[in-house]
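Participant: Here it is: the structure, laid out below.
The values are calculated or read from the model by the stated rules, or taken from the named source; none is laboratory data. Bear in mind the structure is a predicted one, so any value in this text is a computation, not a measurement. Heads up, the Cβs are rebuilt from the backbone with ideal geometry, glycines too, and the neighbour counts pull from every protein chain shown.
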Amino acid sequence: MMSVNMGSIDRVLRSFVVAPVAIVVAIVVGAGSVAGIVLLALAAVMLATSAVGFCPLYKLVGLDTRSKGGARHSHSA
């Protein structure tokens, strides 16, 4: 079950900082190079997870960034 596990700050950072930086660096190193393709894929993942508010990696390690104090461990199974 996909439940939201990303807070708004996390989502904004992924959408407006991480993804654009990854795209710019990919263009600088060459979008067709291996590094460029990896960076473009990373940007796509950042945008997708931000859009849906769910990060599978967070679920795997039990993180939830929706709390007021930042990242916290989720105790539900």
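Participant: Do we find that Ala77 is at pLDDT below 95 and of a type in the set (A, V, I, L, M) in this structure?
Facilitator: Details: at pLDDT below 95: yes; of a type in the set (A, V, I, L, M): yes.
Yes, satisfied.
Participant: Mind listing just one residue for me: the one in region 16-66 that is under 13 Å from the mean Cα position of the chain (by Cα) and charged (D, E, K, R) and, of those, surrounded by the most Cβ atoms within 10 Å (Cβ to Cβ)?
Facilitator: In this case the residue turns out to be Asp64.
Participant: So for region 41-64 (the condition being among the aliphatic types (A, V, I, L, M) and touching a strand residue (DSSP E or B) at 6+ places or on another chain (Cβ under 7 Å)), does at least one residue qualify? Spell out how you get there, then give the answer.
Facilitator: Of region 41-64, the ones among the aliphatic types (A, V, I, L, M) are 41-48, 51-52, 57, 60-61, 63.
Narrowing the set further to residues that are touching a strand residue (DSSP E or B) at 6+ places or on another chain (Cβ under 7 Å) leaves 63.
Within region 41-64, one or more residues are among the aliphatic types (A, V, I, L, M) and touching a strand residue (DSSP E or B) at 6+ places or on another chain (Cβ under 7 Å).
Participant: Next up: Which pairs do you get when a residue that is under 14 Å from Asp10 (Cβ atoms) and free of Cβ contacts under 8 Å to residues at least 60 places away in the same chain, found in region 32-60, comes within reach of a residue that is surrounded by 13 or more Cβ atoms within 10 Å (Cβ to Cβ) and of a type in the set (Lys, Arg), reach meaning Cβ atoms under 7 angstrom, with the pair 6+ apart or on two chains?
Facilitator: The qualifying pairs are Met46/Arg14; Thr49/Arg14; Ser50/Arg11; Ser50/Arg14; Gly53/Arg11.
Participant: List the pairs whose first member sits in region 7-29 and is touching a residue at least 12 places away in the same chain (Cβ under 8 Å), whose second member is surrounded by fewer than 16 Cβ atoms within 10 Å (Cβ to Cβ) and among the polar types (S, T, N, Q), and whose Cβ atoms are under 8 Å apart, counting only residues at least 6 apart or on separate chains?
Facilitator: The qualifying pairs are Gly7/Ser67.
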